[in-house]
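Notes follow the structure.
FYI, it's all coordinate maths here, none of it is from the lab. Remember, it's a predicted structure, so these values are computed and weren't measured experimentally. Because the Cβ atoms are built from the backbone with ideal geometry, glycine has one as well, and the counts that use them run over all protein chains shown.
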Amino acid sequence: MKKIIKSSTAFYLNSPLFRLNHTALYLLLVFPLISNNISAQDKLLTTDDIVLKGRTTLAPQRIINLKWIKGTDMYSFTDTTGVDRLMRGSVKNADAVLLSLSELNAAMKSAGQDTLPGFPAIEWRSHHSFQFTSNDTMYQFSLLTKSLNIVFTHPKEKTAEHITVNERNNSIAYTVANNLYVLHNGVHTAITDDPDPNIENGQPVHREEFGIHEGIYWSPRGNFIAFYRMDQRMVTDYPIVEWNNKPASMRNIKYPFAGDSSHHVTIGVYDLSSGKTIFLKTGEPKEQYLTNVAWSPDEKKIYIAIVNRQQNHLWFNRYDAATGNFEKTLFEEHNDRYVQPLNRMVFNPVNENQFIWQSRRDGWNHLYLYDTTGKLIRQLTQGNWEVTQFEGFSKDGRQVFFTAATTAITRDLYRTEISSGKTNRLTENRGTHLISGNDSKSLFIDQFTSLTVPRFISIIDAGGFQKKKLLESSNPLNGYKKVDSQIFTIKSNSGYELFARITKPANLITGKKYPVVMYVYNGPGIQLINNQWPAGNELWYYYMAQKDIIVFTLDGRGTPNRGAEFEQATFRQLGMVECEDQLDGVAYLKSLPYVDSTRFGVYGWSYGGFMTSTLMTRYPEVFKTGVAGGPVTDWKLYEVMYTERYMDTPQENPTGYEKTNVLNGVKNLKGRLMLIHGTSDAVVVQQHSMLFVKKAIDLGKQVDYFLYPGHEHNVMGKDRIHLFNKISDYFFSNL
């Protein structure tokens, strides 16, 4: 199939100049406006629509459970247009029925199990068998024999969690309460037996920072299990009140405040053949971070990135998996501000003495090729842009594939030749490409979306040529009142071009002045501005615009995928330069003839709640109304790992903590501010907002406060409709 280059920009990015001309990369940041004009109709969005339909009828069409069949060039998906059934397709062949729901339910009945109301989400174990979970039981189905096996049933007395399957030997590791178990050869065995619930085994540690999302690591051949053991006995108990109980009860959690004692983590290695566990000798101090755990392909070594508590130094260490002995530090990384390893090493499947490591050591997240002695072979990618996802090696091990954000708000698939460093962009249209490669990385499912394209799914090959179109979604917002949403850049006083988005009524009335709500986050790790179809809170932007309120968002310094210098500008002073950048956004808005500069509102959640309360108290003349959800008000009351990375400890940086303490600005509050909190919030504990309210009372300042009993760091489920109504009505009333 002929590859069509759709624009001069695409041609340029596929040329050798792309790798050399950094100025051109910068210019890509200031591309023309992207607009999305929904066909003019009179139907209005409701908050019920946003919550109940945002992922269904108001979301772009999708292909359910679309994935590659293991070890093949075929894909599978669930067809729910008629009778539920599992489908199979390929580039060369039309889609065909692989298994119907009735056939699967016949196998369920034969095994004495309850039938399924719909086709389940599956995971392929081989090209002819898959597994799925229903009613706390894991099943494996063979397409060859049309038979079903029960792989794992949860222990009935307690709930099993963190269930992790090893594909080589069909063994399963899992946790019950705070201990780790394994199901091997049909026998359940306790790997740990810690009676103290404050010692947790096999669970994520370090509050899921550093890219840690699991606590169980099977060795490649299934002979060993590496696992985290976290001792929290020295960490502060923090009370969470459960209001739904009669009488209300208290549940203690472990919450390590910035500057206080943190938990101690070790890594155990369990041998399935001997039933014995050894612990890696990771050394002192005990308050350090053990991250990015990886096994060697031969199961003899374990690699760990160790980060000191100050989070400014990393040691990439190798340990003997049999004895736990430390063997070697392959390399170190140091940064005067912080290091933040988020991705474990990935071995070359053809040359197991080589691996990929991701690092921002040159100021941008890039791929580095190492050998297992610790020798840097070469930096594979470079430039003023960031790798966002490593997609894998080609089958021959000569190429790597990755997704990158070359304009911060876009995501594209790239291929780099390991030997030459030659890099090509494989995806064409500018927007967000979500990529999934088959096992050999010869084909990729490309799910593309942008502010103007709801969803386009296709299969492309390793050269970037489109091989098959799978889906082109219609506009799910057709029939609703037209709004205008645009992405653009503004020049800040700091010299950066900042990405911004404005969502406004489509047909502005000449001479009319419109109020503005600024939706903020502007904190580490989160982008609000992405070139993709609106979802989630972005549908709320449309809802507000239909009510003649403009919604404006801006990603200032501190947000990701703009390089270390841009992100780390907030170091030791969270909320300072971010506010400066948001005020540059205010200045831009005031320059627009249709904006009422006397009616500015601001709204955000979590870090955005911190920003909202900071802006309301630091710039009381600018903002008339604010809504701060789950806000941090005093960084001394936030957890160790996150806070100390960006602020150091309160003992090391007392001035920074004092300057950024929102409570110190309550005396300046003039506008209407509502704080919202979930009473069971274990991320930003309710004490933050309670102290703000107490300070306001002491100073005679009026503030509104609303609680969601039993909800954690956000308000989910049907209560989210109430939340959106609460927030919207507050702005309708006060703007």
Taking Cα atoms of the stretch 62-153, Rg/Rh with Kirkwood Rh, to two decimals? 0.95
Dipole check, the stretch 159-344, charges on Cβ (K,R +1; D,E -1), about Cα centroid: among Val269, Gln232, Thr175 the Cα furthest to the positive pole belongs to Val269
For the chain, what's the relative contact order in percent, using C-alpha pairs closer than 8 Å and at least 6 residues apart? 11
Considering the Cα trace of the chain, what is its radius of gyration and what is Dmax, both in angstroms? 26.7, 80
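How would Thr625, Thr78 line up from fewest to most surrounding beta-carbon atoms within 10 angstrom?
Details: Thr625 21, Thr78 18.
In order of increasing Cβ crowding within 10 Å: Thr78, Thr625.
Summing -39500 (n - 2.57) over the DSSP H runs of n ≥ 4 in the chain and dividing by its residue number, what mean residue ellipticity at 222 nm do you reach, to the nearest 500 deg cm²/dmol?
Per the formula, -4000 deg cm²/dmol.
For a test of the definition: using alpha carbon positions, the gyration tensor, and the 1.5 limit on a/c, classify the stretch 480-540 as rounded, prolate or oblate.
Judged from the Cα gyration tensor, the stretch 480-540 comes out oblate (a/c at least 1.5, b/c at or above a/b).
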At q = 0.16, 0.17, 0.19 1/Å the base-10 log of I(q)/I(0) from the Debye formula over the alpha-carbon atoms of the stretch 159-344 is -1.02, -1.13, -1.34
With a 10 Å Cβ neighbour count serving as the proxy for reagent exposure, in which order, fewest first, do Arg233, Arg309, Arg562 appear? Arg233, Arg309, Arg562
Stretch Asp396-Asp260 to full length: gain in nm at 0.36 nm per residue minus the Cα-Cα span? 44.0 nm
Given Cα pairs under 8 Å that are at least 6 residues apart, what percent is the relative contact order of the stretch 159-344? 14
Mean separation of Cα pairs under 8 Å and 6+ residues apart, divided by the residue count of the stretch 349-473: what relative contact order is that in percent? 14
Order by neighbour count: Leu699, Leu86, Leu66, fewest other Cβ atoms within 10 Å first, most last. Leu699, Leu66, Leu86
Compute the Cα gyration tensor for the stretch 343-417, then decide on rounded, prolate or oblate, letting a ≥ b ≥ c be the square roots of its eigenvalues: rounded whenever a/c is under 1.5, prolate when a/b is larger than b/c in the other cases, and oblate in all that remain. oblate
What size of dipole, in debye to the nearest 20, comes out for the chain about its Cα centre when the only charges are +1 on Lys and Arg C-beta atoms and -1 on Asp and Glu C-beta atoms? 1820
Summed residue charge, Cβ within 11 Å of Lys328's Cβ, Lys/Arg positive, Asp/Glu negative: 0
Which one, Val551, Asn507, Ser733, is farthest towards the positive end of the dipole of the chain when Lys and Arg carry +1 and Asp and Glu -1 on their Cβ? Asn507
Lysines within cross-link reach of Lys695: Cα-Cα under 21 Å, excluding same-chain residues under 8 positions apart? Lys624, Lys636, Lys659, Lys667, Lys670
Compute the semi-axes of the equivalent ellipsoid of the stretch 459-568, taking the square root of 5 times each eigenvalue of the Cα gyration tensor, and list them largest first in whole Å. 27, 25, 12
Restricting everything to alpha-carbon atoms, can you work out Rg to Rh for the stretch 619-735 with a Kirkwood hydrodynamic radius? 0.99
Could you give the nm distance between label points at Lys694 and Tyr238, where each point is 7 Å from its Cα heading toward the beta carbon? 1.6
Can you give the log10 of the normalised intensity I(q)/I(0) at q = 0.11, 0.14 Å⁻¹, computed with Debye over equal Cα scatterers of the stretch 532-651? -0.42, -0.68
